[in-house]
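Engineer: Questions regarding the structure given below will be posed in turn.
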Amino acid sequence: MNEPRFKRVLLKVSGEGLCSPGKSGIDGRQLKSLADELKLVVDLGVQVCVVVGGGNIVRGSAIAKEGPIEETTGHYMGMLATVINALAVQDTLESLGVQTRVQSALPVQNVCENFIRRRAMRHMEKGRVVIFAGGTGNPFVTTDTGAALRAAEVRAEVLLKATKVDGVYSSDPATDPTATRIESLTYNEVIDKRLAVMDLAAVDLCQRSKIPIVVLDLRRTGNMRDVVLGKGVGTLIHG
Ligand code: UDP
């Protein structure tokens, strides 16, 4: 039997991973499929934490463009949206019998814990999935940066970045039929070519913390588990 390659993993899932394609809000089927994929990894005995985005509900910069909401307020609204998503992911995982805790960078103590690094690590040691909400707690950045930050803080061994495609491509596979998937890239290649994989700040932070990133498609059933076992499909970004 294959042994997992990692003891502790962090999954970054965007808000769009929680809604039907092209829509906004939250879709129960998408939640269930995310939870099913996470459970496959939990069942390997791997410690799991998740950073959820909020773009399916609010993005600070987008809401500010429409006015009259100030951009800073928009970012706080976006961070609160991630709390809504985290609660949805929590209940869905628990419906499958997976124990969880939500920790938020923005205190919302009636519904979840505040982010406390050591407590988060202890939860994971006890087999609980920790869902990080509230991004970094600061406006003007994204949950990708939050994911890299949390991965470094809780010493995750890999950051799994869920996207709509199964890795990084030579060009946009949606419009270019000759596009090919790239097996692996260095952090510097992503930064120098400004590849739109993740925020560059997040890539930079992963580089400094020596945390590899795997870009993968969560909709391929069992793929995240296979990546954790060292045989899935995705693009590895490393040193
Ligand atoms: N956000 C923020 N600080 C953070 C993380 C997120 O201000 O540390 C806000 C920002 O406005 C962002 C929104 O929350 O647009 C939703 O997060 P994000 O766009 O990263 O969500 P995703 O694209 O992953 O769904």
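Engineer: Among 140, 132, which is the only one that is outside any loop (DSSP other than H, G, I, E, B) and not aliphatic (A, V, I, L, M)?
Structural biologist: 132
Engineer: Among what's in region 47-67 and is more than 11 Å from the ligand (Cβ to nearest atom) and surrounded by 21 or more Cβ atoms within 10 Å (Cβ to Cβ), pick the residue that is farthest from residue 198 (Cα to Cα).
Structural biologist: Going through region 47-67, the residues more than 11 Å from the ligand (Cβ to nearest atom) turn out to be 47-50, 65-67.
If we keep only those that are surrounded by 21 or more Cβ atoms within 10 Å (Cβ to Cβ) as well, we get 47-50.
Details: 47: 23, 48: 20, 49: 18, 50: 16 Å.
Only one residue tops the list, namely 47.
Engineer: Right, another one. Out of (1) among the hydrophobic types (A, V, I, L, M, F, W, C); (2) at pLDDT 95 or above; (3) part of a loop (DSSP other than H, G, I, E, B), the odd one out for residue 203 is which?
Structural biologist: Condition not satisfied by residue 203: (3).
Engineer: Could you grab me the full set of residues in region 205-239 that are in contact (Cβ under 8 Å) with a residue 12 or more places away in the chain, more than 16 Å from the chain's Cα centre (by Cα) and surrounded by 17 or more Cβ atoms within 10 Å (Cβ to Cβ)?
Structural biologist: 207, 229, 232
Engineer: How many residues are within 10 Å of the ligand (Cβ to nearest atom), within 26 Å of residue 235 (Cβ to Cβ) and either without any contact (Cβ under 8 Å) to a residue 40 or more places away in the chain or surrounded by fewer than 24 Cβ atoms within 10 Å (Cβ to Cβ) (or both) if we restrict to region 121-141?
Structural biologist: Selection size over region 121-141: 2.
Every residue, every condition in (1) buried (at least 22 other Cβ atoms within 10 Å of the Cβ); (2) near the ligand (Cβ under 9 Å from one of its atoms), yes or no:
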site: 39; (1), (2): no, no
site: 69; (1), (2): no, no
site: 77; (1), (2): no, yes
site: 87; (1), (2): no, no
site: 92; (1), (2): yes, no
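The values are calculated or read from the model by the stated rules, or taken from the named source; none is laboratory data. What you are looking at is a predicted structure, and each value in this text was computed from that prediction instead of being measured. Quick reminder, even Gly has a Cβ in these numbers, built from the backbone with ideal geometry, and neighbours come from all protein chains shown.
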